[in-house]
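Trainee: Okay, handing you the structure first.
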Amino acid sequence: MQGAYMNYAAKRLLQAVVVVLLTYVFTFIVVSILPGDPVTNVLRDPQNGFTEAEIAQIVAAQGLDKPIPVQLWHSLSGFVTGDLGVSLRSSRPVSDLIAEVLPSTLRLAGGALAVALVLAMGIAYGARFLPHRFGGAALRALPSLFLSVPSFVIGLLLIHIFGFQLGLFMVIDPNSFWATFFAAVALGIPISAQIAEVLMANLDHEASQDYAAVARARGLRQSKLFFRHLLKPSSLPVVTVIALMVGEVLGNTLITETVFGRTGVGSLIQRSVVTQDLPVLQAIVSLAAVVFAVINLIADLIYPLLDPRVKLVGTAPRRVTTADELPRANA
Amino acid sequence: MMISVTRTPRVALPAPLGVILSLLVLAVIVGWSLAPGLFTGFDPAIGIPADKLQGPSAAHWFGTDHLGRDLLARVIHGTASSVSSAVIAVVIALVLGGLIGLLSGFLGGWVDTILARLVDVLLAIPNFLLAVIIVTALGFSTTNAAIATGISAVAVFARVMRSEVIKTRSATFVEASFLSGGSRWHILTRHVLPNASRSVLPLAVLRFGQSILVIAGLAFLGYGDPPPASDWGLLISIGKDYLKWPWLVYAPALVTVVTVLSLNRISRWLRKTD
């Protein structure tokens, strides 16, 4: 077992490193096939007021006069040693730009994940145990509704009701507690739907097992059955779902931060897209891939330790982790 | 004691009520995109300034915007672009992802290894972020947003297709077909593809709805066609600056949500009945 686990861990680690490096190359290729040569667009933008000599200097400093493969090699070796390059617009190190906005985004994303977990547990519990006429069936349909609403509409709805009508927060003060809270709710709701779907499917499965029937026959109360017996085995796959959702949260901050007027990684992406600041985009996408790879690596590594039933056969354990993979009867 | 059991007579529906309603919604949406002029007499681009920012009424079901344009007319005329771009996205995802999944599942070996890494890369970049960098690379327009959305969904189709192909390829009837002299091409087109497509179809319908959302998100951020286009996401984005007149946000949002909900419902139904 010990040896098999180490073997599995080493394989997973190697795979994660390979994926991150390949993602960097992929992003670089996508970004450098840009048709309009944004580099010169940015540099020759009269608003920036660079002289020809300065442009030549920047081009030389960034290595933009070299062929693409050389640029890629240069950029990739910088990335591996932790150098994320320099912004085309502001000429500041990209790592500084990201470090400035990261805390705000981490607060938002952390809050969103917390909201998503609490909501998903509530929905799954209610859908399992509430009688139909008290909304059990309606709760079951809730994730589907959540996944049909554009996330910016959820944000605008919350701003309209709680900001404008009830006056709980001002849009001009996006860092106040309530503004952050509702931004986290807006970001968390679509995530909660996906967690709830997997949790509900697994709860249904666990509740149909013999041990659950025995517990019920012994006269165990529903809440005890849920928290003592069903929740633990049902939430194991949720570990993997949450790991997958982290990437989603990062991508969706782009919209949520724009709607709520927050500064953060999302608004940095938005600014860099509009100004075609490619080094910043390249860095953020690659970092998102690193975060995604690390979190999924951790999830895959702790999973066999959490669930003794999982047998390692050299590949990642098989679980239901997305709605697409749900057994058909449940879907 | 006698218990009489009476059964309420029921008309047998060809599908659950929710599915029928969803299909009706889709029919209306298709109508709006093919012949918008049949559904509204108002011009989507030119308004009557004196009638600006009116609430929903019998004359203007969705109210009017800041230029006095009928919002329902704008929504109806924006349907074609919102829906057809989602179709483009799904077709791209279906064809590219299906091909990748088919090749890696059917051929296996080093082809499978290489394609699996490509899919890993596509999965490692957050979905929306992937769409954003691709649309940045291609340039801002609704068509490019559709292409970007399609590419960002390739990985999901590739995965499902691959697992379906592997499942079918190892089935006994496929083995029998091979042993009785069926060529690889025959097995691929007659057995593997039809079987795999059964689970890919519901996925395509589901992704159709999600593509509408992603494209609306890109339009909301300003990465689609600029006004006077009236894509649903763009209408909501314009409406957000007029939150005092909330129908400017809620009316196009409602149309989007009802459409996506209907597609999700149909997808679930297809999955159950196949």
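The values are calculated or read from the model by the stated rules, or taken from the named source; none is laboratory data. Just so it is clear, the structure is predicted and the values come from calculations on it, not from any experiment. Cβ atoms come from the backbone with ideal geometry, glycine included; neighbour counts cover every protein chain shown. Just so you know, the surface numbers come from the protein's heavy atoms only, side chains and all, with ligands and any DNA or RNA stripped out. Shrake-Rupley method; radii C 1.70, N 1.55, O 1.52, S 1.80 Å.
Trainee: Angle between the Cα long axis of helix B:109-124 and the longest principal axis of chain B, 0 to 90 degrees, nearest 10?
Mentor: The two axes meet at around 20 degrees.
Trainee: Across all directions of projection, what mean area in square nanometres is found for the Cα convex hull of the protein assembly as shown?
Mentor: 36.4
Trainee: Taking 7 Å along the Cα-to-C-beta vector as the label spot, tell me the B:V28-A:Y5 distance in nanometres, rounded to one decimal.
Mentor: The two pseudo-label positions are separated by 5.7 nm.
Trainee: Full extension from A:V274 to A:V171: what is 0.36 nm times the residue separation minus their Cα-Cα distance, to one decimal in nm?
Mentor: Length gained between A:V274 and A:V171: 34.8 nm.
Trainee: Next question. How much FRET efficiency would the formula 1/(1 + (r/R0)^6) give for A:F50 and A:V118, where r is the Cβ-Cβ distance and R0 is 45 Å, rounded to 0.05?
Mentor: In this case the efficiency is close to 0.35.
Trainee: Which whole number gives the average count of other chain Cβ atoms within 10 Å of the Cβ atoms across peptide B:116-123?
Mentor: What the average comes to for B:116-123 is 5.
Trainee: I'd like the orientation of helix A:278-306 relative to chain A: the angle between its Cα long axis and the longest Cα principal axis, in ° from 0 to 90, rounded to 10.
Mentor: 30
Trainee: Treat every Asp and Glu Cβ in chain B as -1 and every Lys and Arg Cβ as +1, leave all other atoms uncharged, and give the resulting dipole magnitude about the Cα centre to the nearest 20 debye.
Mentor: Roughly 920 debye, rounded to the nearest 20.
Trainee: Just from its helices, what would the mean residue ellipticity at 222 nm be for the protein assembly as shown, if runs of 4 or more DSSP H residues each count -39500 (n - 2.57) and the sum is divided by every residue, rounded to the nearest 500 deg cm²/dmol?
Mentor: -23000 deg cm²/dmol
Trainee: Moving on. Which residue, B:A204, A:V198, B:G239, has the largest displacement toward the positive end of the dipole of the protein assembly as shown when charges sit on each Cβ (Lys, Arg +1; Asp, Glu -1)?
Mentor: Farthest towards the positive pole: A:V198.
Trainee: Given a 1.4 Å probe and every protein chain left where it sits, what share in percent of the accessible area of region B:170-240 is carbon and sulfur?
Mentor: 63
Trainee: Something else about it: Please get the size of the charge dipole for the protein assembly as shown, origin at its Cα centre, with Cβ charges of +1 on Lys and Arg and -1 on Asp and Glu, quoted in debye to the nearest 20.
Mentor: 2580
Trainee: Something else: Ignoring everything but the protein chains, give the 1.4 Å probe accessible area of A:M121 in square angstrom, nearest 10.
Mentor: 70
Trainee: Between helix A:2-32 and chain A, what is the angle of the helix's C-alpha long axis to the longest principal axis, kept within 0 to 90° and rounded to the nearest 10?
Mentor: 40
Trainee: Remind me, relative contact order of region B:52-92 in percent, using alpha carbon pairs under 8 angstrom and six or more residues apart?
Mentor: It rounds to 25 percent for region B:52-92.
Trainee: Of A:L106, A:L14, A:L84, which is the most mobile in a GNM of chain A whose springs link Cα atoms less than 10 angstrom apart?
Mentor: So, out of A:L106, A:L14, A:L84, the one fluctuating most is A:L14.
Trainee: Probe radius 1.4 Å, ligands and nucleic acids ignored: give me the carbon and sulfur share of the accessible area of region A:98-275 as a rounded percent.
Mentor: Using a 1.4 Å probe with all protein chains present, region A:98-275 comes out at 66 percent carbon and sulfur.
Trainee: Then there's this: Report which residues of region B:131-147 become buried by 40 Å² or more of accessible surface when going from the isolated chain to the complete set of protein chains (1.4 Å probe; DNA, RNA and ligands ignored).
Mentor: B:I133, B:T136, B:A137
Trainee: Now for a different question. At the nearest 100 Å², what buried accessible area, both sides summed, do you get for B and A when the probe is 1.4 Å?
Mentor: Using a 1.4 Å probe on protein heavy atoms, the buried area is about 4200 Å².
Trainee: Then there's this: How high is the relative contact order of chain A, in percent, with contacts defined as C-alpha pairs under 8 Å that are six or more residues apart?
Mentor: 25
Trainee: Once amide H atoms are placed 1.01 Å from N in the peptide plane, what residues at a sequence separation of 5 or more from A:V86, or on another chain, have their amide H within under 5 Å of its amide H?
Mentor: Result for A:V86 returns A:V94.
Trainee: Right, another one. Any idea of the accessible area per residue across region A:98-275, 1.4 Å probe, to the nearest Å²?
Mentor: Heavy-atom SASA per residue in region A:98-275 reads 42 Å².
Trainee: A follow-up question, please. Using θ = phi - 60° and the Karplus curve 6.51 cos²θ - 1.76 cosθ + 1.60, what whole-Hz ³J(HN,Hα) does each residue of region B:207-219 get, with Gly and Pro shown as x?
Mentor: Karplus-based 3J(HN,Hα) across region B:207-219 equals 5, 4, x, 5, 5, 4, 5, 5, 5, 4, x, 5, 5 Hz.
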